[in-house]
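This report concerns only the one structure given below.
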Amino acid sequence: DVAIDGADNVDPDFNLVKGGGGALLREKMVELAADKFIVIVDESKMCDGLGPGFPIPVEITPFCHEHTIRAIAALPSCAGCKPVLRMGSSSNNKVDGDEIAATDNGNYIVDLHFTETIKNSPKMAADLKSLCGVVDHGIFSGMTTAVIIA
């Protein structure tokens, strides 16, 4: 099977940021189930490194979400990030309401804003995934077969 999808950011090593629309867990499940994953983006989505170009979404459980946000911010691999709980619609990373945004899975999203490039996005991905309270994250590393710039 082949999965074809877009991305919010793509670095030279084909590490991706996905999930700006709030479906990062479901997107990752689809991409992992496929034998090949092809990404189609326009040139504006290409970047020198992940982080400053688009916030990294992290899906977390509602229970103890404030503790989870503090734990994320304390990770050395997330140094320099400003975690922001997504408010309003889960389908974009802009504040468009005063209720906490919930994913289709009933979880919350924290958007990690960076002013500098993430030093090691695969390491950050592994560190995030290891935290209790983190369901998944929007870093797609080592999954992409090809990137088409259209």
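The values are calculated or read from the model by the stated rules, or taken from the named source; none is laboratory data. Keep in mind it's a predicted model, so treat the numbers as computed, not measured. Using ideal geometry, Cβ is built from the backbone for each residue, glycine included, and neighbour counts are taken over all protein chains shown. Only protein heavy atoms, including side chains, enter the accessible area calculation; ligands, DNA and RNA are left aside. Shrake-Rupley method; radii C 1.70, N 1.55, O 1.52, S 1.80 Å.
Looking only at Leu24, Leu131, Leu16, which one moves most when the chain is put into a Gaussian network model with springs between Cα atoms under 10 Å?
Leu131
Helix-derived [θ] at 222 nm for the chain: sum -39500 (n - 2.57) over DSSP H runs of at least 4, divide by residue count, nearest 500?
Helix-only estimate at 222 nm: -6000 deg cm²/dmol.
Calculate how steeply helix 65-74 sits against the longest principal axis of the alpha-carbon atoms of the chain, using the helix alpha-carbon long axis, and give the answer as 0 to 90 degrees to the nearest 10.
60 degrees
Based on the inverse mean of 1/r over its pairs of different Cα atoms, what is the Kirkwood hydrodynamic radius of segment 1-135, in Å?
So the Kirkwood estimate lands at 15.2 Å.
Let's test the formula: R0 of 25 Å, r as the Cβ-Cβ distance of Asp42 and His113. What FRET efficiency results, to the nearest 0.05?
Result of the calculation: an efficiency of 0.65.
Pairs of alpha-carbon atoms within less than 8 angstrom and 6+ residues apart define the contacts here; what relative contact order does segment 66-145 have, in percent?
About 28 percent, as a whole number.
So what J values fall out for segment 136-150 if you push phi through Karplus, 6.51 cos²θ - 1.76 cosθ + 1.60 with θ = phi - 60°, rounded to Hz, Gly and Pro as x?
Those phi angles translate into 6, 9, x, 8, 10, 10, x, 10, 8, 7, 7, 10, 10, 9, 10 Hz.
Mean separation of Cα pairs under 8 Å and 6+ residues apart, divided by the residue count of the chain: what relative contact order is that in percent? Let's see the in-between values first.
On the way: 332 pairs, mean separation 51.6, N = 150.
Contact order relative to length: 34 percent.
Carbon and sulfur: what percent of the chain's accessible surface (1.4 Å probe)?
On the way: 4130 of 7530 Å².
The computed percentage sits at 55.
In whole angstrom, note down how far apart the Cα centers of segment 83-130 and segment 48-76 are.
Value for the Cα centre distance between the two parts: 6 Å.
Please check: in the Gaussian network model of the chain (C-alpha springs, under 10 Å), which one of Ala33, Ala126, Ala71 has the largest mean-square fluctuation.
Ala33
Compute the FRET efficiency between Met29 and Leu75 as 1/(1 + (r/R0)^6), taking r as their Cβ-Cβ distance and R0 = 41 Å, and round to the nearest 0.05.
Taking R0 as 41 Å, the efficiency between Met29 and Leu75 is 0.95.
Quick one: among Phe14, Phe37, Phe63, which has the greatest mean-square fluctuation in a GNM of the chain with alpha-carbon springs under 10 angstrom?
Checking each option, the largest mean-square fluctuation is seen for Phe63.
Using the Cα centre of the chain as the reference point, and only Cβ charges (+1 on K/R, -1 on D/E), how large is the resulting charge dipole? Debye, rounded to the nearest 20.
Working: 12 positive and 21 negative charges, 76 e Å.
Roughly 360 debye, rounded to the nearest 20.
Would you kindly work out the equivalent ellipsoid of segment 1-71 from its C-alpha gyration tensor and give its semi-axes, the square roots of five times the eigenvalues, largest first in whole Å?
Values: eigenvalues 113, 60, 16 Å².
For segment 1-71, the semi-axes come out at 24, 17, 9 Å.
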